[in-house]
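The values are calculated or read from the model by the stated rules, or taken from the named source; none is laboratory data. Nothing here was measured: the structure is a model prediction, and the numbers come from that model. Because the Cβ atoms are built from the backbone with ideal geometry, glycine has one as well, and the counts that use them run over all protein chains shown.
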Amino acid sequence: MRGLILAKSDAVTEQIAILLRQAGCDASQIYSNGEAIISVVHAKVQVVVTDIDDPYVDGLAVLVWCKLHHPDVKAFALCHGNSNNGQRVAREFGMDGFFYLTPRSHQLDTSHGIIRQLRRTGKSAGPLRSGGKRQAG
């Protein structure tokens, strides 16, 4: 399974990549929305994780595009805080789950979101498989 991560922080990207690898997904970092879209179309990427709170990344647009044009792609949002407008829009477009950062840090919050499911399912990659149960957060 192939995946991509669009986030400004290399530290956060590496944390997510490790979790995805443990779940059987080979994920790599990308650096622009255009690269994300090209990867989904041409490289047959099955998992996309983008930062929806960083205005320089504009990951929400990529996730919405994926859900509209390639609904079979598993789309996950990276969020910097609790409930906000970006998360509401992401839920409306059927995101498959959310990764959360702890407040004022570059560390993933392991207490909720899709990370909890990934750690529980491990190599079986339940939340990454097509038709898997969605994790709202």
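Among the numbered criteria (1) of a type outside the set (Lys, Arg); (2) buried (at least 21 other Cβ atoms within 10 Å of the Cβ); (3) part of a strand (DSSP E or B), which single criterion is violated by Ser28?
(2)
Which one is modelled with the lowest pLDDT among residues in segment 81-93 that are surrounded by fewer than 18 Cβ atoms within 10 Å (Cβ to Cβ) and not polar (S, T, N, Q)? Step through it out loud before you land on a result.
Of the residues in segment 81-93, the ones surrounded by fewer than 18 Cβ atoms within 10 Å (Cβ to Cβ) are 81-85, 88-89, 91-93.
Filter once more, keeping what is not polar (S, T, N, Q): 81, 88-89, 91-93.
Numbers: Gly81: 72, Arg88: 91, Val89: 91, Arg91: 92, Glu92: 94, Phe93: 92.
Filtering first and then ranking leaves Gly81.
Hey, could you check segment 1-22 for residues that are among the charged types (D, E, K, R) and assigned to a helix (DSSP H, G or I) and say which is modelled with the highest pLDDT? Don't jump to the end; show me each part of the working.
The first filter runs over segment 1-22 and keeps only residues among the charged types (D, E, K, R), leaving 2, 8, 10, 14, 21.
Of the ones still in play, those that are also assigned to a helix (DSSP H, G or I) are 10, 14, 21.
Working: Asp10: 91, Glu14: 94, Arg21: 91.
The qualifying residue modelled with the highest pLDDT is Glu14.
Considering only residues that are part of a loop (DSSP other than H, G, I, E, B) and either touching a residue at least 24 places away in the same chain (Cβ under 8 Å) or not polar (S, T, N, Q) (or both), which ones fall in segment 56-90? So that I can check it myself, show each step before the final result.
First, pick out the residues of segment 56-90 that are part of a loop (DSSP other than H, G, I, E, B): 56-58, 70-73, 80-84.
Correct list: Tyr56, Val57, Asp58, His70, Pro71, Asp72, Val73, His80, Gly81, Asn84.
So Leu101 passes all but one of these: (1) out of contact with any His (no Cβ under 6 Å at 6 or more places or on another chain); (2) of a type outside the set (Gly, Ala, Ser); (3) closer than 17 Å to Ala17 by Cα; (4) modelled with pLDDT of 80 or more. Which condition number does it fail?
Tallying (1) out of contact with any His (no Cβ under 6 Å at 6 or more places or on another chain); (2) of a type outside the set (Gly, Ala, Ser); (3) closer than 17 Å to Ala17 by Cα; (4) modelled with pLDDT of 80 or more, Leu101 fails exactly one: (1).
Checking Gly131 against (1) part of a loop (DSSP other than H, G, I, E, B); (2) touching a helix residue (DSSP H, G or I) at 6+ places or on another chain (Cβ under 8 Å); (3) at pLDDT below 70, which test does it fail?
Tallying (1) part of a loop (DSSP other than H, G, I, E, B); (2) touching a helix residue (DSSP H, G or I) at 6+ places or on another chain (Cβ under 8 Å); (3) at pLDDT below 70, Gly131 fails exactly one: (2).
Specify the residue that is surrounded by the fewest Cβ atoms within 10 Å (Cβ to Cβ); the eligible residues are those in segment 31-55 that are polar (S, T, N, Q) and part of a helix (DSSP H, G or I).
If we filter segment 31-55 for residues that are polar (S, T, N, Q), which is where we start, we get 32-33, 39, 46, 50.
Subset that is part of a helix (DSSP H, G or I): 33, 39.
On the way: Asn33: 16, Ser39: 18.
Filtering first and then ranking leaves Asn33.
Among (1) surrounded by 16 or more Cβ atoms within 10 Å (Cβ to Cβ); (2) at pLDDT below 90, which single condition is Asp96 missing?
Exception for Asp96: condition (2).
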